[in-house]
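Below is one structure; the comments refer to it alone.
Quick note: the coordinates plus some simple rules give every number you see, no bench work behind them. No experiment lies behind these values; they were computed from the predicted model shown. Here the Cβ positions follow ideal geometry from the backbone for every residue, glycine too, while neighbour counts run over all protein chains shown.
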Amino acid sequence: MYTIALVTPGPTEWVLILVIVLVLFGAKKLPELARSLGQSMNEFRKAREEFDKELHQAGQDLKLPPQSTQPYQPAQPVQQNTPVQSAPVQTAPVQPAPAQPAQAQPPSQTPTQPS
């Protein structure tokens, strides 16, 4: 059985890849391609370092408690000069329930007239 292995190419494969690239792009374009590839890799590296720095800074911000520039002073209760008076609450008088159970009244039937 054959298995597909993910390995790096050997020297023969690199030579074959180089020949194919030369045929496709030509000898004049290779320096430009290498330069643009290098610039792209450099930009990617800078973006990755910036992302890592921001991630590290965000982690530090979460770990540190917020620091106040003023010393801690306990809160003092607020005193009012005028006393607060509440309005009297009025409740409806409660009537006791009847002692005898209520008898069921038959429904009143009114004759309906056809229209």
- Using alpha carbons only, what's the Rg to Rh ratio of the stretch 11-63 with Rh from Kirkwood? 1.34
- Express in nm, to one decimal, how much length is gained between Glu54 and Val7 on full extension, taking 0.36 nm for each residue of separation and deducting their alpha carbon distance. 13.5 nm
- Message: Can you return the lysines within cross-link range of Lys53? Criterion is Cα-Cα under 22 Å, with same-chain partners fewer than 8 residues away left out.
- Response: Lys63
- The FRET efficiency for Asn42 and Val21, from their Cβ-Cβ distance with R0 = 25 Å and rounded to 0.05, is 0.75
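Please compute the net charge surrounding Glu43, taking Lys and Arg as +1 and Asp and Glu as -1 over other residues with Cβ under 12 Å from its Cβ.
Details: positive: Arg45, Lys46, Arg48; negative: Glu49, Glu50.
Neighbourhood net charge equals +1.
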